[in-house]
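Written out below as structure tokens is the structure these notes cover.
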Amino acid sequence: MNSKAILLVEDNQSDIELTKRAFEKGRVANELVVVEDGQEALDYLFGSGAYAGRGASSPPSLVLLDLKLPRISGLDVLRQIRGDSQTRRIPVVILTSSKEEQDVAASYDLGVNSYIRKPVDFKQFEESIRQLGLYWLVLNELPPEVK
């Protein structure tokens, strides 16, 4: 299994804790890096701001992205990820409570790999995270890194 980090972009503390617990219960071994707003996500991905020097040469194996974020929206984060040659191949999964059809359409128009609505029930959420980890981190073949 690829041991690269998973980037969770989420501003709701309860959802962060639920995701951490679901990853533990699902035995997803990858490090979970949590950032709480869109700007922090971009700083992490592009090695700027608080993450200056981190280097964009070590991208996460997966980005779990909420849409409703402070500072920069999830859709704008996705737009910037897909607009840069160094990050455009990173698998991005929208993980949100939004039921807005336009959010689903806009996400796919911008190149998201998958769109998952957060289940309210923890057991459902845990199973969603387990399957997500199995597919994206074990079964899916990652694209080659951009040179």
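Since every read-out is calculated from the coordinates, none of them should be taken as a lab result. Predicted model, so just to flag it, every value in this text is computed and none were measured. Glycine gets a Cβ as well: all are built from the backbone with ideal geometry, and neighbour counts include every protein chain shown.
Across the range 6-139, Cα pairs under 8 Å and at least six residues apart give a relative contact order of 27 percent. Mean sequence separation of contacting Cα pairs (under 8 Å, at least six apart), scaled by the length of the range 58-136, corresponds to a relative contact order of 29 percent.
In this rough spin-label picture, where each label sits 7 Å from Cα along the Cβ direction, the residue 124-residue 50 distance is 3.2 nm.
Amide H to amide H distances under 5 Å link residue 32 with 6, where only residues 5 or more positions off or on other chains count and H is placed in the peptide plane. Maximal additional length on extending the residue 135-residue 108 stretch stands at 7.8 nm, based on 0.36 nm per residue less the C-alpha distance. Relative to the Cα centre, the charge distribution of the chain, modelled as +1 at Lys and Arg Cβ and -1 at Asp and Glu Cβ, gives a dipole magnitude of about 420 debye. For residue 62, the amide hydrogen comes within under 5 Å of the amide hydrogens of 7, counting only partners 5 or more places away or on other chains and with H modelled in the peptide plane. Given a cut-off of 23 Å, name the pairs among 25/118; 25/68; 25/99 whose C-alpha atoms lie farther apart than that in the structure shown. In this structure, 25/68; 25/99 exceed 23 Å between Cα atoms. Between residue 97 and residue 29, the modelled labels are 3.4 nm apart [label points 7 Å from Cα along Cα→Cβ].
The HN-Hα couplings worked out from phi for the range 89-98 by the Karplus form 6.51 cos²θ - 1.76 cosθ + 1.60 (θ = phi - 60°) are 8, 5, x, 10, 10, 6, 10, 9, 8, 5 Hz, whole numbers, x standing for Gly and Pro.
If the segment from residue 17 to residue 89 were pulled out straight at 0.36 nm per residue, it would be longer than the present Cα-Cα gap by 23.2 nm. Candidate values (i) 44, 41, 27; (ii) 50, 41, 29; (iii) 39, 34, 27 were compared with Cα extents along the principal axes in Å computed on the shown model; the agreeing label is (iii). When shorter helices are ignored and each DSSP H run of at least 4 residues is given -39500 (n - 2.57), the per-residue value for the chain at 222 nm works out to -11000 deg cm²/dmol.
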